[in-house]
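Engineer: Sharing a structure with you now.
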Amino acid sequence: MQLIGNATDQAPANPAATDDMLATQPIGYWSGLAHTAVTRHLRDAMARIDVTQPQYWVLNRVNGGPAAPSREEVVAQLTHLADGPDEISRVVDQLLHREWLRVDGRQRLHLTDAGEAARVRLRQLVVGVRAVVHQGISDEEYVAALKVLRRMVANVEGGGGPGSPS
């Protein structure tokens, strides 16, 4: 059965679909399954060392800019990733309580030595998790998959195509 390059019917999600039937599988199912599995794996690994993924996001954001950010800047930049509008602010409080962050006189956030050590440990953990997730997948395959996903997002967010809201 030749499916590539032809319009295909949308088949119901089937985890046991054979390779020749994958073109009919719903992207929402497979991208959602991948998101859930990878996120769960990462969060489970972080939980074993008593850290959360949002805490890692905040540590990286505080460390990652040319200037120390304010709480408000960190919240604004990370809330879209969070599980709710108040999560990042709570994480900042948790990290201040752990003394992984400190606030200077201008109300800017900085990593403490303990916070930087935690960020480095977490980075090593994330690199290890990435190696597990990417096992058997070449960089070329990974880039191709991301390009396809990026194109799909652009297709539906760009509008104007079939199925787009008017």
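The values are calculated or read from the model by the stated rules, or taken from the named source; none is laboratory data. Here the structure is a predicted model, which means the values were calculated and not measured. Note: ideal-geometry Cβ built from the backbone for every residue, glycine included; neighbour counts use all protein chains shown. In case anyone asks, the SASA skips ligands and DNA or RNA and just uses the protein heavy atoms, side chains included. Shrake-Rupley method; radii C 1.70, N 1.55, O 1.52, S 1.80 Å.
Engineer: Just to be sure before I move on: is residue 29 within 15 Å of residue 122 (Cα to Cα), assigned to a helix (DSSP H, G or I) and either of a type in the set (Phe, Trp, Tyr) or in contact with a Gly (Cβ under 8 Å, 6 or more places away or on another chain) (or both) in the structure I sent?
Structural biologist: Working: within 15 Å of residue 122 (Cα to Cα): no; assigned to a helix (DSSP H, G or I): yes; either of a type in the set (Phe, Trp, Tyr) or in contact with a Gly (Cβ under 8 Å, 6 or more places away or on another chain) (or both): yes.
Taking the combined requirement at face value, the residue does not satisfy it.
Engineer: Something else about it: Return the residues of region 34-66 that are in contact (Cβ under 8 Å) with a residue 12 or more places away in the chain and loosely packed, with under 14 Cβ neighbours inside 10 Å; say none if nothing qualifies. Don't jump to the end; show me each part of the working.
Structural biologist: Keep residues of region 34-66 that are in contact (Cβ under 8 Å) with a residue 12 or more places away in the chain, which gives 38-39, 41-42, 45-46, 49, 51-63.
Selection gives 39, 41, 49.
Engineer: Taking the criterion of being assigned to a loop (DSSP other than H, G, I, E, B) and free of Cβ contacts under 8 Å to residues at least 12 places away in the same chain, would at least one residue in region 86-102 satisfy it? Walk me through it before giving the result.
Structural biologist: Taking region 86-102 first, the residues assigned to a loop (DSSP other than H, G, I, E, B) are 86, 98-100.
Subset that is free of Cβ contacts under 8 Å to residues at least 12 places away in the same chain: 86.
Yes, region 86-102 contains at least one residue that is assigned to a loop (DSSP other than H, G, I, E, B) and free of Cβ contacts under 8 Å to residues at least 12 places away in the same chain.
Engineer: Mind counting the residues in region 73-85 that are in contact (Cβ under 8 Å) with a residue 24 or more places away in the chain and part of a helix (DSSP H, G or I)?
Structural biologist: Of the residues in that region, 3 qualify.
Engineer: Go through region 5-26 and give me each residue that's assigned to a helix (DSSP H, G or I) and surrounded by 11 or more Cβ atoms within 10 Å (Cβ to Cβ). Full working, then the answer.
Structural biologist: Applying the first criterion (assigned to a helix (DSSP H, G or I)) to region 5-26 yields 19-24.
Those that are assigned to a helix (DSSP H, G or I) and surrounded by 11 or more Cβ atoms within 10 Å (Cβ to Cβ): 20, 21, 22, 23, 24.
Engineer: On to the next question. Which condition number does residue 68 fail, the rest of (1) hydrophobic (A, V, I, L, M, F, W, C); (2) under 27 Å from residue 49 (Cα atoms); (3) assigned to a helix (DSSP H, G or I) being met?
Structural biologist: Just one mismatch for residue 68, condition (3).
Engineer: Let me ask something else about it. May I ask you to say which residue of 127, 143 is under 15 Å from the mean Cα position of the chain (by Cα) and either modelled with pLDDT under 95 or exposed (fewer than 11 other Cβ atoms within 10 Å of the Cβ) (or both)? Working first, answer last.
Structural biologist: On the way: 143 fails: under 15 Å from the mean Cα position of the chain (by Cα).
Sole residue among the options that is under 15 Å from the mean Cα position of the chain (by Cα) and either modelled with pLDDT under 95 or exposed (fewer than 11 other Cβ atoms within 10 Å of the Cβ) (or both): 127.
Engineer: Moving to a separate point now. For residues that are polar (S, T, N, Q) and in contact with a strand residue (DSSP E or B) (Cβ under 8 Å, 6 or more places away or on another chain), scanning just region 79-114, find the one that is nearest to residue 53 (Cα to Cα). Quick ask: steps written out before the conclusion?
Structural biologist: From region 79-114, those polar (S, T, N, Q) are 79, 89, 94, 107, 112; that's our starting set.
Among the residues that remain, those that are also in contact with a strand residue (DSSP E or B) (Cβ under 8 Å, 6 or more places away or on another chain) are: 107, 112.
Working: 107: 24, 112: 19 Å.
Checking each candidate, the answer is 112.
Engineer: Could I ask something else about it? Among the listed residues 132, 153, 148, identify the single one that is open to solvent by 70 Å² or more (accessible area, probe 1.4 Å), farther than 16 Å from residue 60 by Cβ and in contact (Cβ under 8 Å) with a residue 24 or more places away in the chain. Please lay out each step first, then the result.
Structural biologist: On the way: 153 fails: in contact (Cβ under 8 Å) with a residue 24 or more places away in the chain; 148 fails: in contact (Cβ under 8 Å) with a residue 24 or more places away in the chain.
Result of the check over 132, 153, 148: 132.
Engineer: Further, regarding this structure: Could you pull out the residue among 87, 72 that is surrounded by 10 or more Cβ atoms within 10 Å (Cβ to Cβ) and under 17 Å from the mean Cα position of the chain (by Cα)?
Structural biologist: Values: 72 fails: under 17 Å from the mean Cα position of the chain (by Cα).
87 is the lone residue from the list that is surrounded by 10 or more Cβ atoms within 10 Å (Cβ to Cβ) and under 17 Å from the mean Cα position of the chain (by Cα).
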